[in-house]
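Peer 1: Here it is, the structure in full.
The numbers here are math on the coordinates, done by the rules we state, and not lab data. Keep in mind that this is a model prediction, so the values were computed, not measured. Methodologically, a virtual Cβ is constructed for each residue, glycine included, from the backbone with ideal geometry; neighbour enumeration extends over all protein chains shown.
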Amino acid sequence: MPKGIPNPAAMYGIYSRSWGFEVSIVRNGVRHHRLFGKASYGGAEQALLHAQDWRDHIVRSVPPQTRSERAEKQRTNNSTGVTGVFHHLAPNGRVRAWMAKTYIAPDEILRTDFSVADLGDDAQALAIRERARQLERMTGLACIHPAEEAIRMGLSAHPAGPREPKRSKSEITRRNNTSGVSGVHFKTPNPSHPGYWLAITYTAGKGSVSKAFSVKTHGAEAARNLAIAERASQLADKLRAEDDALAAGREPASPAPRRQSRGRAATASGAKRNNG
């Protein structure tokens with residue numbers, strides 16, 4: 001958006017990227033940041049919903065400074081050492097008066113002057129004391145964006161519909177995938193080979209589980225369907241093994257390879273031997 005014009009409420013703190021959405025909100029010098037890829041959430045719509053949910057969580061759980069705290073932040077152009085306290089100088093450079101000034105609202109600006117000629121050295125101390133009194137009139141949180149108050153009140157600017165869970169890396173369908181199902185690939189060892197469909201699932205640091213289904217044995221469509229079903233079974237085994245490991249309080253272990261059923265499928269090397 002142009003400078004000075006806030007983003008629409010739905011996109012507050014959210015930045016659209018070619019791969020998905022980036023959330024970035026700064027609170028008291030701390031940046032809260034997370035990425036939501038379209039591939040990880042099954043499309044742009046779900047990625048945006050998850051980004052908005054996380055943005056809302058940050059807004060509600062990490063509120064900004066209060067207005068009075070922000071008003072006490074020292075500005076670079078402050079020359080008195082006390083925020084909201086200023087001095088008036090005479091032509092000869094001597095301090096003529098001290099002033100306490102606080103912006104409360106567009107129609108309420110508090111200002112009190114203390115003359116050095118009348119009050120002497122007490123003028124500065126009185127201005128500092130008056131500034132503290134003025135700050136007591138300042139209530140509420142700092143206004144970071146018009147959408148924040150609505151978010152904190154639970155008035156979400158985005159749909160409350162169902163959310164798809166984040167996909168694991170093994171569930172993401174890559175752009176070079178030709179089967180339409182992640183972890184399912186068609187292989188041809190050589191140009192004369194009829195090929196086979198392979199279901200394979202990786203576990204980080206643990207290796208992989210795979211099973212191949214020969215096109216010659218099952219036919220092209222049936223082999224593909226068997227590979228898809230096998231892939232789903234592998235993912236279920238992997239998830240079950242990870243859940244069991246977490247329940248036992250240890251690192252998730254790799255799921256054990258499933259035994260092959262005779263006559264149902266062949267390994268990749270077996271497909272090559274049978275059909276080569």
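Peer 1: Count neighbours as other Cβ atoms within 10 Å of each site's Cβ, and list the trypsin sites (Lys or Arg not before Pro) in the range 48-99 that are DSSP loop with at most 10 such neighbours.
Peer 2: Answer in residue order: 73, 75, 94.
Peer 1: Also, I was wondering about something else. How do 116, 95, 215 line up, fewest other C-beta atoms within 10 Å first?
Peer 2: The fewest-first ordering by Cβ neighbours comes to 95, 116, 215.
Peer 1: Distance cut-off 23 Å, Cα to Cα: go down the list 166/187; 166/211; 206/238; 166/238 and report the pairs above it.
Peer 2: In this structure, 166/187; 166/211 exceed 23 Å between Cα atoms.
Peer 1: Using the Cβ atoms and a cut-off under 11 Å, what net charge is assigned to the surroundings of residue 152, where Lys and Arg are +1 and Asp and Glu are -1?
Peer 2: That works out to -2.
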